[in-house]
């Protein structure tokens with residue numbers, strides 16, 4: 001009995017990234033300021049919450065989650081039916097911007113939040129998956145369910161990401177909680193949208209420090225870089241030489 | 001088959017439309033004693049006996065009931081077929097020994113039918129035709145193979161499953177019983193009454209083979225278990241599944257097969273039958289894996305597994321089997337793949353096979369048809385993405401959105417120049433000011449796919465990738481060209497309209 005409790009305690013510590021030896025099991029951003037705050041990078045074997053500041057920013061939050069999960073060999077994306085009809089399903093031809101070969105993606109559509117949590121837990125137990133993304137449209141989460149997810153992630157070492165369409169203020173045992181929205185990219189280039197930029201805010205961190213950054217995804221390097229602070233947005237360019245004359 | 005309605009004070013008849021009149025389709029015992037019989041016109045029956053209760057037939061409910069009884073009969077043999085609207089055929093050739101013989105099997109069947117409140121007639125014979133005739137027109141009994149001639153001899157010709165018209169024309173020449181024509185010269189009979197008469201006779205006599213078409217496909221592998229004490233707990237059911245699966249595994253291994261689709265049939269003591277099927281994404285043999293599959297299936301049942309007073313029999317059948325080399329069973333180096341497949345099976349069993357998918361690339365340049373999600377259990381190894389990447393490199397395709405809306409949503413857009421990108425647009429009640437745009441990428445519909453090229457989703461689309469002030473990126477398109485409108489080439493062309501089709505990170 002006591003031994004069992006000890007084991008659970010160890011698992012809990014591991015899930016929070018507090019246990020010794022957890023440092024190597026991280027997904028580093030490769031950005032000094034960010035990795036320092038996180039203790040080397042985003043902990044694997046733990047649950048992280050990524051919320052969009054509003055539903056319109058969900059694609060940006062999705063991109064951020066995919067960028068983090070891109071290193072996984074196999075990845076499962078679970079979403080409620082409503083989320084898929086409202087916000088669109090992951091689109092194979094667009095995934096490789098985040099260096100995610102569509103072959104590595106497995107998707108599951110669920111009818112209820114209950115099924116979503118069940119499927120996430122089940123998937124986190126599977127050692128063949130490097131990352132599990134669960135997309136939640138709204139509503140609070142049962143803290144017990146979240147803890148179960150953390151434990152399952154800790155046991156398998158997979159990255160568990162909870163993608164939410166709105167920021168939530170419910171109590172959570174997640175290791176980190178982020179609010180990720182889109183940031184203007186246009187100052188990089190006068191012609192059309194540039195590389196995707198993200199305004200990220202770390203609002204909860206088991207390790208302590210919080211902060212906010214503007215990141216840019218570099219698909220050729222398959223990683224995020226720190227973007228220069230956003231400048232006032234220039235007017236839309238009138239001259240677009242790359243554009244075909246219709 | 002009639003339900004005994006002894007508590008009913010009035011003689012009961014059921015009627016249905018036959019030709020232009022309502023005729024009796026079934027009568028109960030009390031009505032039979034009054035001299036009413038099926039086929040009698042309802043008006044005539046009412047005239048003879050005003051004090052009868054007449055109810056309209058419910059053909060669908062009757063069929064459903066018969067099928068329910070057919071399912072229940074699966075406990076005796078997997079070869080069960082419906083015979084007309086009121087009969088069942090069971091091929092008990094292989095399984096009667098389990099009951100200690102054919103007579104014991106029939107006795108068991110009779111006991112259970114009576115307990116369920118059904119009146120029934122049953123006969124065992126060597127051919128389908130003879131059994132059909134004996135059960136309906138002869139003495140219900142078990143007849144030995146070879147005695148078909150004796151069974152049929154005294155029976156009316158209708159017992160041979162003939163068209164009523166043929167029976168009537170036979171009667172006109174004085175042929176009423178099978179015995180009347182059984183030894184007549186064959187060619188004049190065929191010449192006058194058609195080939196059907198002698199074919200049915202030959203089949204009933206066993207001179208022509210007649211296969212039984214089972215209602216449900218017969219599984220290549222079957223294992224079953226009867227219980228003296230009915231089981232009710234889910235755990236016991238799963239334990240039984242594992243035990244049966246272990247038995248199936250032996251048979252599967254001998255033939256080098258694995259299960260792709262497995263069905264569990266549970267027979268409740270009161271006659272209800274529950275069938276639960278589960279699919280797998282690769283040939284499966286391991287009893288533990290099969291049990292795990294059904295654990296999820298049972299958990300996912302919309303209506304709980306209602307055991308009533310318990311199940312007294314369980315059958316596990318492999319409905320679809322597939323060759324499965326032995327070395328794949330003990331997964332060595334492919335441990336990951338095996339784990340993944342097991343996860344896919346578990347998720348599919350619980351959520352439904354169509355809900356667990358993998359994206360595949362399809363050979364289409366229309367964005368919504370260029371990719372699809374197909375059930376992960378059935379997907380092929382090559383999902384077409386290599387071909388897609390080659391094509392994209394060659395054609396230098398513009399970026400595609402991360403999320404594609406199931407259905408493009410109409411937006412109000414304001415464009416600066418007729419065929420240019422929008423300056424601002426309204427989507428889901430929010431106004432977006434476009435600060436950067438890339439495009440257009442023109443996607444023409446396949447001209448051969450629809451003759452009506454002007455139908456709304458068959459017009460040429462001009463796609464733009466735009467970014468709004470806050471950095472949100474969208475994939476918009478204009479359906480139709482202003483050019484067509486201005487030039488008047490297509491006089492009926494509707495003005496172009498704008499849609500939002502996807503979102504970028």
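Exposure proxy for B:122, B:417, A:27: other Cβ atoms within 10 Å of each Cβ, ordered fewest to most, give B:417, B:122, A:27.
Beta-bridge orientation, chain B: approximately 95 percent antiparallel, per DSSP, counting only bridges with both partners inside.
Using the beta-carbon distance between residue B:145 and residue B:303 and R0 = 41 Å, what value does 1/(1 + (r/R0)^6) give for FRET efficiency, to the nearest 0.05? Calculated value: 0.40. Counted over the protein assembly as shown, the DSSP beta bridges are approximately 75% antiparallel. How high is the FRET efficiency between residue A:82 and residue A:142 when r is their beta carbon distance and R₀ equals 22 Å, given to the nearest 0.05? Between residue A:82 and residue A:142 the formula returns 0.70. Each eigenvalue of the Cα gyration tensor of the range B:2-57, multiplied by 5 and square-rooted, gives one semi-axis; in descending order these are 17, 12, 9 Å. One decimal place: the segment residue B:183-residue B:414 gains 74.0 nm when fully extended, by the rule 0.36 nm per residue minus the C-alpha distance.
Is the shape of chain B best called rounded, prolate or oblate, per the rule: a/c under 1.5 gives rounded, else a/b larger than b/c gives prolate, else oblate, with a ≥ b ≥ c the square roots of the Cα gyration tensor eigenvalues? Prolate is the answer for chain B, as a/c is 1.5 or above and a/b outweighs b/c. When B:192, A:197 are arranged by Cβ crowding within 10 Å, least crowded first, meaning fewest neighbours, the order is B:192, A:197.
Could you tell me whether the range A:26-226 comes out rounded, prolate or oblate from its Cα gyration tensor? Rule is a ≥ b ≥ c as square roots of the eigenvalues, rounded for a/c under 1.5, then prolate if a/b exceeds b/c, otherwise oblate. Rounded, because the longest to shortest axis ratio a/c is under 1.5.
Highest mean packing first, where packing is the average number of other Cβ atoms within 10 Å per residue, the peptides B:181-189, B:378-386, B:233-241 line up as B:233-241, B:378-386, B:181-189. When peptides A:32-38, A:89-95 are sorted by average Cβ neighbour count within 10 Å, with the highest value leading, the order is A:89-95, A:32-38. Extension gain, residue B:382 to residue B:57, is 111.6 nm, computed as 0.36 nm per intervening residue step minus the present C-alpha separation. For the peptides B:96-103, B:280-287, the ranking by mean Cβ contacts within 10 Å, running from highest to lowest, is B:280-287, B:96-103.
Ordered by the number of other Cβ atoms lying within 10 Å of each residue's own Cβ, fewest first, A:57, B:432, B:228 fall into the sequence B:228, B:432, A:57.
Within 10 Å of each Cβ of B:352-361, how many other protein chain Cβ atoms are there on average? Going residue by residue through B:352-361 and averaging, the value is 6. The alpha-carbon positions of the range B:359-441 define a convex hull whose volume is 125 Å³ per residue. Annotation for residue B:103 and residue B:272: the two label points, set 7 Å from Cα along the Cα-Cβ direction, are 3.6 nm apart.
Taking a ≥ b ≥ c as the square roots of the eigenvalues of the Cα gyration tensor of the range B:8-99, is the shape rounded (a/c under 1.5), prolate (a/b larger than b/c) or oblate? Prolate, since a/c reaches 1.5 and a/b exceeds b/c. Counting Cβ atoms of other protein chains within 10 Å of each residue's Cβ and taking the mean over peptide B:467-478 gives 6.
Estimated from helices alone, the mean residue ellipticity of chain B at 222 nm is -9500 deg cm²/dmol (sum of -39500 (n - 2.57) over DSSP H runs with n ≥ 4, per residue).
Translational diffusion of the protein assembly as shown was estimated from the Stokes-Einstein equation, with Rh taken as the Kirkwood radius over Cα pairs; at 10 °C and 1.306 mPa s the coefficient is 50 µm²/s. On full extension, the segment bounded by residue B:161 and residue B:469 gains 102.9 nm, given 0.36 nm per residue less the C-alpha separation. Counting, for every residue in B:391-403, the Cβ atoms of other protein chains within 10 Å of its Cβ and taking the mean gives 4.
Read-outs: derived from the displayed coordinates by stated rules, not from any lab. Since this is a predicted model, take the numbers as computed values, not measurements. Heads up, the Cβs are rebuilt from the backbone with ideal geometry, glycines too, and the neighbour counts pull from every protein chain shown.
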